[in-house]
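Scroll down for the structure; my scribbles are underneath it.
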Amino acid sequence: MAKRKPKTEDALSVAVAFGGISIGEDTAKVGFSIDREAMSLDEAESNLCGKRITGRLVVVAGGDDPNQQPLPGMGDIKHELKAVFDVKGFRCTPKLFASGAVFQLSTIQVEELGHFAKKKGRLIVSTVEEAADGGGEEESED
């Protein structure tokens, strides 16, 4: 059974740049990167390495700054996907952390993923658990 790390609602909310989308036989992956100034190495390790996340991927309207928190009722969210996904690991460069959200195809509508390709937005995490498979090595692009 997966160990649950206690978190409160929206325990982590960080600006991301979504990258490419890959779709395999059983899973799909949305790549994303996070500015190193927005997250510490310890935070990246505790949230992006062998974890199962319950949360949301949010695309902000073009021109909006993903670092800007919208006022209640006034946010201009272009697209949002609430789901449970795995984050197997991350890589880092001097400027960013890069990772990917891996979804089971049976839990999402695949056409939803196209809204995230090459867009800016936010990764909003509600809960973080150890991934059932222990994380293992980063999976290849299915």
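Descriptive notes on the structure:
- Per the conditions (1) farther than 20 Å from E129 by Cα; (2) at pLDDT 60 or above, the sole criterion not satisfied by P66 is (2).
- Selection count where residues are loosely packed, with under 14 Cβ neighbours inside 10 Å and either aliphatic (A, V, I, L, M) or outside any loop (DSSP other than H, G, I, E, B) (or both), scope segment 93-127: 7
- Number of the condition not met by G89 [criteria: (1) in a strand (DSSP E or B); (2) surrounded by fewer than 21 Cβ atoms within 10 Å (Cβ to Cβ); (3) modelled with pLDDT of 95 or more]: (1)
- Counted residues, segment 14-56 - those being among the β-branched types (V, I, T) and within 21 Å of D133 (Cβ to Cβ): 5
- Inter-residue pairs, beta-carbon under 7 Å, first among the hydroxyl-bearing types (S, T, Y) and in segment 29-56, second outside any helix (DSSP H, G or I) and surrounded by 22 or more Cβ atoms within 10 Å (Cβ to Cβ), 6+ apart: S33/V16; S33/F97
The values are calculated or read from the model by the stated rules, or taken from the named source; none is laboratory data. Keep in mind the model is a prediction, meaning the values are calculated, not measured. Note that each Cβ is placed from the backbone with ideal geometry, even for glycine, and that neighbours are counted across all protein chains shown.
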